[in-house]
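Engineer: Would you mind keeping the following structure in view while I ask a few things?
The values are calculated or read from the model by the stated rules, or taken from the named source; none is laboratory data. The model shown is predicted, which means the values in this text are computed figures rather than measured ones. Heads up, the Cβs are rebuilt from the backbone with ideal geometry, glycines too, and the neighbour counts pull from every protein chain shown. The area values use the complete protein model at the heavy-atom level, side chains included, leaving out ligands, DNA and RNA. Shrake-Rupley method; radii C 1.70, N 1.55, O 1.52, S 1.80 Å.
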Amino acid sequence: MAANDTIADMLTRIRNANLARHQTTEVPSTKMTRSIAKVLQEEGFISEYSEKADGVRQILVISLKYQGKNRRPIISALKRVSKPGLRVYSNRKELPRVLGGIGIAIISTSSGIMTDRDARRQGLGGEVLCYVW
């Protein structure tokens, strides 16, 4: 499957794995998916991610987090904002707040991929990749 939107593919895989209460999910590893996984881990949405080689391709193995005895997923929603067909950019003054600051927006800035909070702190705008809460 040649997904040209690796981010949407990654979000869908995480969403599906969450619904099925899987412990881990595999995503094709790109610089972009690695950066997003890093942000998700730093923000406490996933427990960890690691990389493994599958023949020629690299694969990211993402460990999901659940809470409570009925294993409620930590990530309640993932929403793709900027798509290949419709890019969504936001300058530093208009960075979105997700659920009044409960969720995060993942922004691709000139200084790399970061949360809306970090981008605001550094006074950067960029492409709004997705919302997570």
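Engineer: Looking at (1) assigned to a loop (DSSP other than H, G, I, E, B); (2) out of contact with any Ser or Thr (no Cβ under 8 Å at 6 or more places or on another chain); (3) open to solvent by less than 50 Å² (accessible area, probe 1.4 Å), which is the only condition Arg97 fails?
Structural biologist: It fails just one condition, (3).
Engineer: Is it true that Arg80 is at pLDDT below 95 and either under 18 Å from Ile14 (Cα atoms) or acidic (Asp, Glu) (or both)? Show your work before the answer.
Structural biologist: Values: at pLDDT below 95: no; either under 18 Å from Ile14 (Cα atoms) or acidic (Asp, Glu) (or both): yes.
It is false that Arg80 is at pLDDT below 95 and either under 18 Å from Ile14 (Cα atoms) or acidic (Asp, Glu) (or both).
Engineer: How many residues, within region 2-11, are open to solvent by 30 Å² or more (accessible area, probe 1.4 Å) and touching a helix residue (DSSP H, G or I) at 6+ places or on another chain (Cβ under 8 Å)?
Structural biologist: 2
Engineer: Shifting gears a bit: Taking His22 as meeting all but one of (1) in contact with a helix residue (DSSP H, G or I) (Cβ under 6 Å, 6 or more places away or on another chain); (2) open to solvent by 80 Å² or more (accessible area, probe 1.4 Å), write down the number of the exception.
Structural biologist: His22 satisfies all of (1) in contact with a helix residue (DSSP H, G or I) (Cβ under 6 Å, 6 or more places away or on another chain); (2) open to solvent by 80 Å² or more (accessible area, probe 1.4 Å) except (1).
Engineer: Is it the case, given these coordinates, that Ile14 is in a helix (DSSP H, G or I) and open to solvent by less than 70 Å² (accessible area, probe 1.4 Å)? Give the derivation first.
Structural biologist: On the way: in a helix (DSSP H, G or I): yes; open to solvent by less than 70 Å² (accessible area, probe 1.4 Å): yes.
In short, yes.
Engineer: Let me ask you something else. Filter region 64-75 for residues that are assigned to a loop (DSSP other than H, G, I, E, B) and in contact with a strand residue (DSSP E or B) (Cβ under 9 Å, 6 or more places away or on another chain); which is least open to solvent (accessible area, probe 1.4 Å)? Steps first, answer last, please.
Structural biologist: Initially, region 64-75 is screened for residues assigned to a loop (DSSP other than H, G, I, E, B), giving 65, 68-71, 74-75.
Cutting the leftovers down to in contact with a strand residue (DSSP E or B) (Cβ under 9 Å, 6 or more places away or on another chain) gives us 65, 74-75.
Numbers: Lys65: 70, Ile74: 48, Ile75: 11 Å².
Only one residue tops the list, namely Ile75.
Engineer: Kindly indicate the residue of region 38-58 that is of a type in the set (Val, Ile, Thr) and open to solvent by less than 70 Å² (accessible area, probe 1.4 Å) and also nearest to the chain's Cα centre (by Cα) among those meeting that condition. Please lay out each step first, then the result.
Structural biologist: Here is the first cut: in region 38-58, the ones of a type in the set (Val, Ile, Thr) are 39, 46, 56.
Now restrict to residues that are open to solvent by less than 70 Å² (accessible area, probe 1.4 Å): 39, 46.
On the way: Val39: 7, Ile46: 10 Å.
Here the answer is Val39.
Engineer: Considering only residues that are crowded, with 17+ Cβ neighbours inside 10 Å and in a loop (DSSP other than H, G, I, E, B), look in region 100-125 and name the one that is modelled with the lowest pLDDT.
Structural biologist: Gly103
Engineer: Restricting attention to region 83-93, does a residue exist that is open to solvent by less than 70 Å² (accessible area, probe 1.4 Å), closer than 22 Å to Asp5 by Cα and part of a strand (DSSP E or B)?
Structural biologist: Checked against the condition, which is being open to solvent by less than 70 Å² (accessible area, probe 1.4 Å), closer than 22 Å to Asp5 by Cα and part of a strand (DSSP E or B), region 83-93 yields at least one hit.
Engineer: Across region 25-37, what is the total count of residues that are open to solvent by less than 30 Å² (accessible area, probe 1.4 Å), under 23 Å from Leu86 (Cα atoms) and polar (S, T, N, Q)?
Structural biologist: Total meeting the criteria: 1.
Engineer: Answer with yes or no whether Val61 is among the β-branched types (Val, Ile, Thr), open to solvent by 50 Å² or more (accessible area, probe 1.4 Å) and either more than 13 Å from the chain's Cα centre (by Cα) or more than 20 Å from Gly103 (Cα to Cα) (or both). Before the answer, list the steps.
Structural biologist: Working: among the β-branched types (Val, Ile, Thr): yes; open to solvent by 50 Å² or more (accessible area, probe 1.4 Å): no; either more than 13 Å from the chain's Cα centre (by Cα) or more than 20 Å from Gly103 (Cα to Cα) (or both): yes.
No; evaluated as a whole, the condition is false for this residue.
Engineer: Still on this structure, please answer the following. In this structure, is Ser111 over 26 Å from Leu19 (Cα atoms) and over 13 Å from the mean Cα position of the chain (by Cα)? Reasoning before the result, please.
Structural biologist: Numbers: over 26 Å from Leu19 (Cα atoms): yes; over 13 Å from the mean Cα position of the chain (by Cα): yes.
Yes: the conditions hold for Ser111.
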